[in-house]
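Have a look at the structure below before the remarks.
The values are calculated or read from the model by the stated rules, or taken from the named source; none is laboratory data. Every value quoted in this text rests on a predicted model; they were computed, and no experiment measured them. Cβ coordinates were reconstructed from backbone atoms using ideal geometry, including for glycine residues, and neighbour counts include every protein chain displayed.
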Amino acid sequence: MQSPAGSTLVIQNLNKKFKTRENEIIALQDINLNIHQGEFISIVGRSGCGKSTLLRVIAGLENDYEGLVVLGNKQISRPGLDRGMVFQEHRLLPWLKIKDNVAFGLADNLGGEKIRIVQEHINLVGLTGFEKAYPHQLSGGMAQRVAIARALVNRPQVLLLDEPFGALDALTRIQMQQEILRIWEAEKTTMILVTHDIDEAVYLGDRVVVMSSRPGTVKKIVPVALARPRDRSSYDFIQIRKAIYSEFFADAEKPFAYAI
Amino acid sequence: MSVIRKYQFVSPAVKRVSQYLILPVAILVIWQLLSQAGLIKPLILPPPTKVAGAFWELLSSGQLPKHIWISILRVSEGFGLAALVGIVMGIGIGLSRTLDRLTDLVIQVLRPIPPIAWIPLAILWFGIDELSKIYIIFLGAFFPVFVNVIEGIRNTDQRFIEVARILEVPRWKLIRQVVIPGVLPYIMTGLRVSLGVAWMCVVAAELIAANQGVGYLINDARQLSQTDVVLVGMITIGVTGKVMDSMLKRLENRLVGWKISYSGD
Ligand SMILES: Nc1ncnc2c1ncn2[C@@H]1O[C@H](COP(=O)(O)OP(=O)(O)O)[C@@H](O)[C@H]1O
Ligand SMILES: [Mg+2]
């Protein structure tokens, strides 16, 4: 299988249905998307439009799909260490210390190397000193940092983030957005982030994929050609935000904060 | 509220302790008064003072410590064995569908048989001594742990399983770091139920066939119409059971302390 030049993740004619006892739900219909190595992709869309399903297909958690989903010339059919994932809930094991949660995905035959990798990733997400804490002793933002560290220990090529900051308060969310950018720049990981916050999508993404629901399709792909660090109050930033906003609300007046 | 609080004379701690004590003290006082008024026959229910006297007598003669100790030993042995076998079998069967199917029918049929119904067979097989008691206790205490362990394994959080799949965590590590810790609260619940059943079983077995133990003490006293001794035996079982349960509760808090703040999410 040959992917287009520069693309690391190729999605072509992807369809995904869920069959329930009564009916069939088309969760994704004819999705086409090429994602480049090291790119930061934001995906926005209303709840239920198939954003999580798309990430789960890429993660290899849903293998009963039609179409091509190819990472580095290999069709995705199951999870692999080349892809990491962070969920909206941190999903840390409550009975393990932070360092053991971060080490959860590391092979045990690494010896002393393991301790070094764990510490490095705890430092990377800015939690130095919390190695021996338990998840319930952390705030929501800190727990999500641990989840990011855990997902990164095997140095995945692609990190999938499913509304990772959706449950955080507004100030913590902005802080986490800056953190994830810093990590992205340090690790050069390809990032695919699902959000329902248009501001977040524009602030983070090289491109913003706008999805529409029933069935879940890609409605539009908006490039964000803005230099980083981005200024959320700049004219260009607001213009892009407006353009995406109008994909969801055709002609209603545009409120100050854009969230779907 | 704050205005009312200002005028309270008793400290909250004293208030709490007295709330615990009000009911038992009231029962004892009324019981004593009714007995002194001649409204309850001593043979039916002797007054608390008489029960206390019998308790003191049995304690100082060494009779009560001897019998309760025998019962505690039997409970500990039967319960310990049941806990061990229940946890090991529960984990094995919980993790393997094949093992589950192989054993399911036998277990489902054995489970509803009350342990007491095993007493005749147990005596035939193991005689009237320790072994038959331990066998009965084992049978009674086994199922609550066993059933709870399996339930716990079946309820393993699928979200953690997904995380493990994504990280390609090997199966044995998944069992050790995800499944077993998740089952721990279920094991503790099962153990506490089992301990209660173990006490029921030991007393029942001792009532029917024994020459030692609190159950024997109670039965012997009944035949001699020593109602006060019967009551001493009963209360001793209650207190001992409560103490052992508290010990398990403390163990539970230590082992699954993470659970305290986890239930919310
Ligand atoms: N396991 C499943 N079984 C049946 N339907 C599902 C399942 N997972 C998702 N769906 C349906 O697929 C659609 C897309 O869901 P999802 O990807 O979770 O949306 P989003 O993440 O954008 O909110 C929804 O209509 C949802 O009900
Ligand atoms: Mg979702």
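The numbered conditions (1) touching a Gly at 6+ places or on another chain (Cβ under 9 Å); (2) more than 10 Å from chain B (Cβ to nearest Cβ); (3) surrounded by fewer than 16 Cβ atoms within 10 Å (Cβ to Cβ) are all true for A:Arg78 except (2).
Among the residues that make up the stretch A:84-103, is at least one of them among the hydrophobic types (A, V, I, L, M, F, W, C), within 23 Å of the chain's Cα centre (by Cα), within 11 Å of chain B (Cβ to nearest Cβ) and surrounded by fewer than 19 Cβ atoms within 10 Å (Cβ to Cβ)? Checked against the condition, which is being among the hydrophobic types (A, V, I, L, M, F, W, C), within 23 Å of the chain's Cα centre (by Cα), within 11 Å of chain B (Cβ to nearest Cβ) and surrounded by fewer than 19 Cβ atoms within 10 Å (Cβ to Cβ), the stretch A:84-103 yields no hits at all. Taking the conditions (1) assigned to a helix (DSSP H, G or I); (2) at pLDDT 95 or above; (3) in contact with a strand residue (DSSP E or B) (Cβ under 8 Å, 6 or more places away or on another chain) in turn, A:Val146 satisfies each one other than (3). A:Ala167 meets the conditions (1) away from ligand 2 (no atom under 16 Å from the Cβ); (2) small (Gly, Ala, Ser); (3) more than 26 Å from A:Lys16 (Cα to Cα) in every case but one. The failed one is (1).
Residues that are closer than 30 Å to A:Gly140 by Cβ number at least 1 in the following helices (runs of 4 or more DSSP H) confined to the stretch B:177-265: B:180-208, B:227-255.
For the stretch A:109-117, check the following and say yes or no: at least one residue is more than 16 Å from ligand 2 (Cβ to nearest atom), in contact (Cβ under 8 Å) with a residue 40 or more places away in the chain and within 13 Å of chain B (Cβ to nearest Cβ). First the steps, then the outcome.
Step one: filter the stretch A:109-117 for residues more than 16 Å from ligand 2 (Cβ to nearest atom), giving A:109-117.
Keeping just the survivors that are in contact (Cβ under 8 Å) with a residue 40 or more places away in the chain gives none.
So far as the stretch A:109-117 goes, no, none of its residues is more than 16 Å from ligand 2 (Cβ to nearest atom), in contact (Cβ under 8 Å) with a residue 40 or more places away in the chain and within 13 Å of chain B (Cβ to nearest Cβ).
Within the stretch A:145-172, being more than 24 Å from A:Ala103 (Cα to Cα), more than 14 Å from chain B (Cβ to nearest Cβ) and either within 16 Å of ligand 1 (Cβ to nearest atom) or crowded, with 21+ Cβ neighbours inside 10 Å (or both) holds for one residue alone: A:Gly166. For A:Met176, the requirement of being part of a strand (DSSP E or B) and within 30 Å of A:Gly80 (Cβ to Cβ) is not met. Residues that are buried (at least 21 other Cβ atoms within 10 Å of the Cβ), more than 16 Å from ligand 2 (Cβ to nearest atom) and in a strand (DSSP E or B) within the stretch A:194-217 comprise just one, A:Val208. When each of B:Ile153, B:Ile128 is tested for being part of a helix (DSSP H, G or I) and more than 14 Å from chain A (Cβ to nearest Cβ), the lone residue that passes is B:Ile153. Of all the listed residues (B:Phe143, B:Phe79), the sole one being crowded, with 20+ Cβ neighbours inside 10 Å, under 18 Å from B:Gly215 (Cβ atoms) and either at pLDDT 90 or above or of a type in the set (Val, Ile, Thr) (or both) is B:Phe79.
Taking A:Ile35 as the residue in question, decide whether it is more than 11 Å from chain B (Cβ to nearest Cβ) and closer than 20 Å to A:Ile148 by Cβ.
Here the answer is yes, as A:Ile35 does meet what is asked.
Say whether the condition of being modelled with pLDDT under 90 and touching a Pro at 6+ places or on another chain (Cβ under 6 Å) is met by at least one residue in the stretch B:248-258. For the stretch B:248-258, residues modelled with pLDDT under 90 and touching a Pro at 6+ places or on another chain (Cβ under 6 Å): present.
When you check B:Arg16 against the structure, is it under 24 Å from B:Gly241 (Cβ atoms), part of a helix (DSSP H, G or I), modelled with pLDDT under 90 and under 27 Å from the mean Cα position of the chain (by Cα), yes or no? So B:Arg16 fits the description; yes. One residue stands out among those in the stretch A:16-41 that are among the hydrophobic types (A, V, I, L, M, F, W, C) and farther than 21 Å from A:Phe165 by Cα: the one that is farthest from ligand 2 (Cβ to nearest atom), which is A:Ile35. Within the stretch A:42-69, restricting attention to residues that are within 14 Å of another protein chain (Cβ to nearest Cβ), in contact (Cβ under 8 Å) with a residue 60 or more places away in the chain and among the β-branched types (Val, Ile, Thr), the residue that is farthest from ligand 2 (Cβ to nearest atom) is A:Ile58. All of (1) of a type outside the set (Phe, Trp, Tyr); (2) modelled with pLDDT under 95; (3) in a helix (DSSP H, G or I) hold for B:Pro112 with one exception: (3).
Tell me, yes or no, whether the stretch A:83-92 has at least one residue that is acidic (Asp, Glu) and more than 15 Å from ligand 2 (Cβ to nearest atom).
Here is the first cut: in the stretch A:83-92, the residues acidic (Asp, Glu) are A:89.
Okay, now just the ones that are also more than 15 Å from ligand 2 (Cβ to nearest atom), so none.
Checking the stretch A:83-92: not a single residue is acidic (Asp, Glu) and more than 15 Å from ligand 2 (Cβ to nearest atom).
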